[in-house]
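Heads up: the structure comes next, in C-alpha cells.
The values are calculated or read from the model by the stated rules, or taken from the named source; none is laboratory data. None of the values given here were measured: they were computed from a predicted structure. Glycine also receives a Cβ, built like all others from the backbone with ideal geometry; neighbour counts cover every protein chain displayed.
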Amino acid sequence: MTTATLMTVSVSKHGLVRCRQRVGLGRKAARRHARMVYHEGVTHAETTGLTRRCMDRIFRQGKTVHILRLHGHFIYLFTMTWNGPLLVTVCHINKAMQAEREEAYGRKQA
C-alpha cells in the first residue's frame, strides 16, 4: 500500500502520553506508528485463545473503543471519529499471550 491510500490516523492526548510511556515514541513518531499499527496490526478477528479473550474483555469494558489492534507487545485501542480513527490508548500484553501473538502474526503473513 502506498501512503496516499492509507487513512489518516489521529492520536489523542492520552494516547500520546501512553505511547511516550509504554512504547517510547515522541509525537510525530507516535502518529506514524499509530497509522502503521492501524493498517498492519493483527485485528481482533485474527486472534485466538487467551489473546482473543483478553481483547474481548477490553472491547466489552470500553464504551468508546471500537477497534483493537495487536502489534509487538502491545494492544492499541482506537475509536472512530468524524475524521477517521483516533488512537485512544496503548496497553501491555502479558507473557502468556506473547506465544499466541507470534502465532497470530504467522497467520496474518500467510
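Quickly run through segment 37-52 and pick out the residues that are without any contact (Cβ under 8 Å) to a residue 60 or more places away in the chain and assigned to a helix (DSSP H, G or I).
Within segment 37-52, Val37, Tyr38, His39, Glu40, His44, Ala45, Gly49, Leu50, Thr51, Arg52 qualify.
Just name the residue that is surrounded by the most Cβ atoms within 10 Å (Cβ to Cβ) out of those in segment 69-90 that are of a type in the set (A, V, I, L, M) and over 19 Å from Val17 (Cβ atoms).
Across segment 69-90, the extreme among qualifying residues is Leu70.
Take the residues of segment 12-50 that are in contact with a His (Cβ under 9 Å, 6 or more places away or on another chain) and surrounded by 20 or more Cβ atoms within 10 Å (Cβ to Cβ): which is farthest from His71 (Cα to Cα)?
So the residue we want is Cys19.
Might you let me know whether segment 55-66 holds any residue that is outside any strand (DSSP E or B), more than 22 Å from Met7 (Cβ to Cβ), at pLDDT 80 or above and acidic (Asp, Glu)?
Taking every residue of segment 55-66 in turn, at least one turns out to be outside any strand (DSSP E or B), more than 22 Å from Met7 (Cβ to Cβ), at pLDDT 80 or above and acidic (Asp, Glu).
For segment 51-68, which residues satisfy the criterion of being surrounded by 14 or more Cβ atoms within 10 Å (Cβ to Cβ) and more than 19 Å from Val11 (Cβ to Cβ)?
Passing the criteria: Thr51, Arg52, Cys54, Met55, Phe59.
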